[in-house]
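Working notes for the structure below.
Only the coordinates and a few stated rules stand behind these numbers; no lab work does. Computed from a prediction, not measured in an experiment: that's the story for all the values here. As a convention, Cβ positions derive from the backbone with ideal geometry for all residues, glycine included, and neighbour counts pool all protein chains shown.
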Amino acid sequence: MRVPRLPVDAGVVRGARVALTSEQAHHLLRVLRLPDGAEIHLFDGAPGDWVGKLRVEGKRRAAVEVEAFVARATESALSVELVQGVCRGQRMDYALEKSVELGVASIQPVVMTRSQAAPEGERVPRKMGHWGGVIAAAAAQSGRTCLPALAPLTGFRDWLAARDCRQHPHILLDPQADGGARDLALPNSAATSITLLAGPEGGFAPTERSAAYEAGCVGLRLGPRVLRTETAALVALAVLQGLYGDL
């Protein structure tokens, strides 16, 4: 069995005893049924893993005694923020999971005109918690040493109004755009930070697309075929990591 990896708050040091959350303890003790002394790896944003031993403190409580640090380079120098239009259940989960595997630095979920089943009211905290769990699990599985940030859910118009899209490249995935990946021609000095905008099912509404272009976004067409929302962002991420990142 693979050694479990868990995200924890920054500031871990050798010799520390790191308390686990109730959810983490439940997963290790009840789901995986790990014994006291099992090897556990922690990651807190440092360039590597903290290696330690599981210490069972009760039926629902556990900690990790940190013994060593193993350096590993898994984070891309290209910082990509994914602005993802909220889409239905498994499609949203898939987009989040795979974007983490492809090295996205942060994720901003936005409700758009064509978003289907967008959470409202009391469902928002539950959905945000679910998405956070998807991101954490993907980061642990893929060997990430940094946990991508998940920004609070907001409306696309509100997000756009608060942004300066000319400060660094903001790329709008648009099947009607004139330019493809070879036409981006982003200078390397500006490509260390990129914001990628992906629409929900049905894509951007015409008014949203126009507003984004007026704000300074650059259009990107991913070939002659129309890609699903959960495919488009991942293809674009792979292309950007290939051109400017670590693929």
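Report ³J(HN,Hα) in whole Hz for each residue of region 86-96, in order, from the Karplus equation J = 6.51 cos²θ - 1.76 cosθ + 1.60 where θ = phi - 60°; Gly and Pro get x.
Karplus values, whole Hz, x for Gly and Pro: 4, 10, 5, x, 5, 5, 5, 4, 4, 4, 5.
Taking only Cα atoms, what is the 0 to 90° angle, nearest 10, from helix 123-142's long axis to the longest principal axis of the chain?
It works out to around 70 degrees.
Let's test the formula: R0 of 22 Å, r as the Cβ-Cβ distance of A73 and A149. What FRET efficiency results, to the nearest 0.05?
Given R0 = 22 Å and the Cβ-Cβ separation, E is 0.65.
Going by amide H atoms built from the backbone, whose H comes under 5 Å of the H on R72, apart from near neighbours?
When sequence neighbours closer than 5 places are left aside, the close amide H contacts are G48, D49.
Where does helix 229-244 land angle-wise versus the long Cα axis of the chain, in degrees 0 to 90, nearest 10?
80 degrees
Add +1 for every Lys or Arg and -1 for every Asp or Glu among the other residues with Cβ under 15 Å from the Cβ of E214, and state the total.
With Lys, Arg at +1 and Asp, Glu at -1, the net is +1.
Can you sort F69, F43 from fewest to most other Cβ atoms within 10 Å of each residue's own Cβ?
F69, F43
Gap in Å between the Cα centre of region 172-247 and the Cα centre of region 1-53?
Between the Cα centre of region 1-53 and that of region 172-247, the gap is 37 Å.
Between T21 and A46, what FRET efficiency comes out of the Förster formula 1/(1 + (r/R0)^6) with R0 = 25 Å and r the beta carbon distance, rounded to 0.05?
FRET efficiency, A46 to T21: 0.85.
Once the piece of chain linking Y213 and Q141 is laid out straight, how much longer is it, given 0.36 nm per residue of separation minus the C-alpha distance between them?
Details: separation 72, 0.36 × 72 = 25.92 nm, distance 3.64 nm.
Working it through step by step, the gained length comes to 22.3 nm.
Quick check on region 75-216: take the gyration tensor over C-alpha atoms, sort the square-rooted eigenvalues as a ≥ b ≥ c, and tell me if it's rounded (a/c under 1.5), prolate or oblate.
Numbers: a/c = 1.79, a/b = 1.12, b/c = 1.60.
Judged from the Cα gyration tensor, region 75-216 comes out oblate (a/c at least 1.5, b/c at or above a/b).
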